Each structure stands twice: as C-alpha cells, then as structure tokens.
Amino acid sequence: MEVTEAIAIDHGLKKEEFSKICELLKRTPNLTELAIFSAMWNEHCSYKSSRKHLKKMHTKGKQVIQGPGENAGVVDIGDDDAIVFKIESHNHPSFIEPYQGAATGVGGIMRDVFTMGARPIANLNSIHFGSPQHKKTRNLLRGVVKGIGGYGNCIGVPTIAGQTTFDESYNGNILVNAMTLGLVNKNKIFYSKAAGLGKPVIYVGSKTGRDGIHGASMASATFDDKIEEKKPTVQVGDPFTEKLLLEACLELMADNSIIAIQDMGAAGLTSSSVEMASKGNLGIKLNLSEVPCREEKMTPYEIMLSESQERMLIILEKGKEEHAKKIFDKWNLDFAVIGKTTNSKKNRINI
C-alpha cells in the first residue's frame with residue numbers, strides 16, 4: 001500500500017507532521033513506519049501539547065531519586081528504603097469500556113512500578129463522572145469501580161484511598177486517574193536506559209494479540225458519535241498473569257542480570273524499544289518472527305502497535321539468557337530473545 005497524506009491523517013498525524021516524517025526519512029514511509037511515527041508522536045506518548053505546562057511543576061529535591069523521564073518516580077524515605085509511585089489517566093478507554101479501561105489503567109501503572117524493582121503495596125484513585133442523572137453515569141461508575149478494585153484485588157494490592165466527584169462537565173468524557181505505590185531498596189532500583197552493544201533484547205510475559213492496536217492514538221483523539229467503533233482499541237487485562245509477571249521480574253532482579261527493563265505500555269513494543277534505545281543513545285534490531293503471538297498471521301504493523309497487556313521488554317547481560325529463561329518458564333510465562341542492541345541509533349525491524 002502506498003502511504004499518502006490522507007492515510008497519515010487517518011493515523012492521527014497532521015499534514016505538517018507527515019511532511020516532517022518524509023523529510024527525516026528522505027522518502028515516503030511505508031505503512032509500518034507511518035504507524036510507528038503516529039504512535040510515538042501522539043499526545044498520549046509524546047505529551048506534545050502539555051509538556052510545556054508539565055515542565056513548570058516542581059520535580060526536584062534532596063529526597064527525589066528519580067523525577068520525570070522514567071517509568072515511575074522514586075522518593076527516598078530513609079533507612080535505605082524508597083517509595084516508587086506512578087499516576088496515570090485512562091480516561092478515553094474507561095469511557096468506551098469502563099471495566100477493562102479502568103482495569104488496564106491499574107495494570108499498566110503497577111507494571112511501571114515493579115519494572116523499577118519495587119513491590120506494589122497500595123493503589124489509590126481519583127475518578128470524576130458526569131451528572132448522576134445522565135444516562136451513562138450509572139454504568140460508567142459501576143464498571144470503573146469494579147475494574148479498579150478487581151485488578152488490584154487479584155494481585156493482592158489493596159486500594160487504600162480514592163476520590164469520586166460528579167459534574168455535568170464530565171458527561172462527554174470521564175476522568176479516571178489511578179495511582180500505585182511500591183516499596184524498594186534505594187540501592188536496587190532498575191531503569192529503562194539501554195547500555196552496551198550486542199546485548200540480548202528479551203520479550204517476556206503474555207503473547208502478543210491484536211487487542212489495543214491504536215490504543216495510544218485513541219487515547220489522544222477527540223470523541224464523537226462513533227465512539228462505540230473505538231471499542232476494539234481498548235486493551236484487555238489479565239491480572240492473574242500480571243501477578244506471575246510481577247513475581248518473575250522481581251526474582252530476576254535479585255541478581256545482576258538486567259541492564260534495562262521497561263513495560264510494554266502505550267504503543268507496546270514500539271514505545272518500549274524506541275524509548276530504551278533513545279535513552280541509551282543506541283539502536284535496537286528486532287526480529288519480529290521471534291515475538292510470541294497468540295493469533296495467526298499477525299503483520300509487522302500489528303505486532304509493533306499491539307497493546308496486549310502483561311508484557312515487558314528487558315535488555316540482559318550476555319550469557320544470562322538461560323538463567324532468565326528458567327525463571328520465566330517456572331512462572332509459566334513466555335520468554336523470547338527478539339533482538340539485540342546496536343550502535344546504529346536506529347530501530348531496525350526484520351520480518
């Protein structure tokens with residue numbers, strides 16, 4: 001398929017952004033490349049309209065170990081302990097599919113917390129709905145509350161505090177803000193910055209499916225009367241698998257096998273691989289034929305944009321693959337070497 005400006009616009013890009021992509025590549029992108037740009041340049045992943053406001057916030061202090069730029073924030077609480085925390089909104093997905101939208105919001109921030117090496121210990125939330133008399137409010141409230149509590153309860157992490165408000169200004173879209181706290185030894189924190197050349201890139205967790213494709217783009221879009229058509233872009237969570245992934249990751253973190261680790265959240269394999277490589281000023285070569293898939297004949301476009309839940313990307317020290325695989329096999333999770341780090345400063349995809 002020849003990529004045109006109209007196709008780029010359908011992917012949520014602006015005309016000038018499509019022109020910039022063509023300028024950067026010195027050619028017209030293929031469909032998979034266009035999809036990757038659309039995922040990384042949408043509001044949900046790049047904060048392109050809000051970053052100037054976020055930069056005004058106070059984020060530094062003598063107890064701040066990690067501010068913005070990582071999977072989660074980290075604050076020193078003394079005695080070599082630190083609190084890891086993450087807050088994330090899942091507004092659009094929860095408005096479309098209340099239970100799964102809220103549940104996967106909680107699941108995503110839990111992964112952001114334990115990817116830093118912390119064990120999640122508490123969940124909180126701040127949720128805002130339209131008028132109690134609005135025809136959608138009752139169903140939205142019931143689904144969101146069940147989704148938030150249900151996911152955390154299955155993993156054994158309690159919801160300890162919350163805030164709920166109702167106002168007609170939220171009739172057209174609700175706000176669902178979830179927060180997770182985790183506890184970690186401040187000398188055993190893990191980061192997502194890739195390092196070293198030729199290091200194995202490891203895929204762990206659940207298999208990749210077609211759920212959640214364009215989820216990040218949907219979360220950046222404006223809603224209209226065709227909102228129901230967006231339901232396929234909402235991810236489906238499995239908290240029992242996440243519990244296994246949590247324990248497996250923390251077990252592997254007990255030694256020095258991991259160089260970098262990141263949750264496959266918004267934009268899935270695309271965002272995790274691009275961000276890890278970029279932070280380390282490196283490149284990554286991916287072999288998509290090695291990615292565990294639960295559906296047949298998935299295209300590179302689908303694999304790179306899938307937002308299937310309960311997945312992690314890890315960069316390991318060489319020689320640690322078998323050791324790591326035994327851990328994930330024990331927890332009945334997929335483990336696959338899908339690539340390696342390079343010095344190209346580019347992400348290359350082999351089909």
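The values are calculated or read from the model by the stated rules, or taken from the named source; none is laboratory data. What you see is a predicted model; the values in this text were computed from it and never measured. Don't worry about glycine lacking a Cβ; one is built from the backbone with ideal geometry, like all the others, and counts go over all protein chains shown. Accessible surface is based on the protein model in full, side chains and every heavy atom, while ligands, DNA and RNA are left aside. Shrake-Rupley method; radii C 1.70, N 1.55, O 1.52, S 1.80 Å.
Here GLY130 clears all of (1) open to solvent by less than 10 Å² (accessible area, probe 1.4 Å); (2) under 22 Å from ASN71 (Cβ atoms); (3) at pLDDT 95 or above; (4) among the small types (Gly, Ala, Ser) except the condition numbered (2). The residue of region 165-180 that is farthest from ALA122 (Cα to Cα), among those that are open to solvent by less than 40 Å² (accessible area, probe 1.4 Å) and outside any loop (DSSP other than H, G, I, E, B), is VAL176.
Of all residues in region 1-15 being touching a residue at least 24 places away in the same chain (Cβ under 8 Å) and part of a helix (DSSP H, G or I), which is surrounded by the most Cβ atoms within 10 Å (Cβ to Cβ)? Ranking the candidates gives ALA8 first. Within region 129-164, the set of residues being within 23 Å of GLY107 (Cα to Cα) and more than 22 Å from the chain's Cα centre (by Cα) comprises PHE129, ASN139, LEU140, LEU141, ARG142, ILE160, ALA161, GLY162, GLN163, THR164. When every residue of region 66-83 is checked against the conditions, at least one turns out to be touching a Phe, Trp or Tyr at 6+ places or on another chain (Cβ under 6 Å), at pLDDT 95 or above and not in a loop (DSSP other than H, G, I, E, B). When you check GLU317 against the structure, is it among the charged types (D, E, K, R), open to solvent by 10 Å² or more (accessible area, probe 1.4 Å) and modelled with pLDDT of 95 or more, yes or no? Judged against the criteria, GLU317 is a match.
Residue by residue through region 138-170, note down the ones that are more than 19 Å from PRO93 (Cβ to Cβ), touching a His at 6+ places or on another chain (Cβ under 8 Å) and hydroxyl-bearing (Ser, Thr, Tyr). Scanning region 138-170 gives a single hit, THR165.
Could you identify the single residue in GLU307, GLU296 that is of a type in the set (D, E, K, R), surrounded by 16 or more Cβ atoms within 10 Å (Cβ to Cβ) and not in a helix (DSSP H, G or I)? Only one candidate passes the filter, namely GLU307. Only one entry in ALA122, ALA221, ALA194, ALA216 is at pLDDT 95 or above and closer than 24 Å to ALA267 by Cα, namely ALA194. Restricted to region 1-54, and to residues there that are polar (S, T, N, Q) and modelled with pLDDT of 90 or more, the residue that is nearest to ILE351 (Cα to Cα) is THR32.
The rows are residues; the columns are (1) touching a residue at least 40 places away in the same chain (Cβ under 8 Å); (2) open to solvent by 60 Å² or more (accessible area, probe 1.4 Å); (3) touching an Asp or Glu at 6+ places or on another chain (Cβ under 7 Å); (4) not charged (D, E, K, R).
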position: GLU17; (1), (2), (3), (4): no, no, no, no
position: ASN42; (1), (2), (3), (4): yes, no, no, yes
position: CYS45; (1), (2), (3), (4): yes, no, no, yes
position: LYS52; (1), (2), (3), (4): no, yes, no, no
position: LYS55; (1), (2), (3), (4): no, yes, no, no
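The residue of region 233-263 that is farthest from ARG111 (Cα to Cα), among those that are of a type in the set (Gly, Ala, Ser) and open to solvent by 10 Å² or more (accessible area, probe 1.4 Å), is ALA254. Is it the case, given these coordinates, that LEU282 is open to solvent by 10 Å² or more (accessible area, probe 1.4 Å), touching a residue at least 12 places away in the same chain (Cβ under 8 Å), among the hydrophobic types (A, V, I, L, M, F, W, C) and within 16 Å of ALA195 (Cβ to Cβ)? When the stated conditions are applied, LEU282 passes them. If you filter region 320-334 down to residues that are charged (D, E, K, R) and outside any strand (DSSP E or B), you find that the one that is surrounded by the most Cβ atoms within 10 Å (Cβ to Cβ) is LYS320.
Within region 110-126, restricting attention to residues that are crowded, with 24+ Cβ neighbours inside 10 Å and among the β-branched types (Val, Ile, Thr), which residue is farthest from GLY149 (Cα to Cα)? The residue in question is THR115.
When each of LYS207, LYS199 is tested for being surrounded by fewer than 21 Cβ atoms within 10 Å (Cβ to Cβ), farther than 20 Å from PHE129 by Cβ and at pLDDT 95 or above, the lone residue that passes is LYS207.
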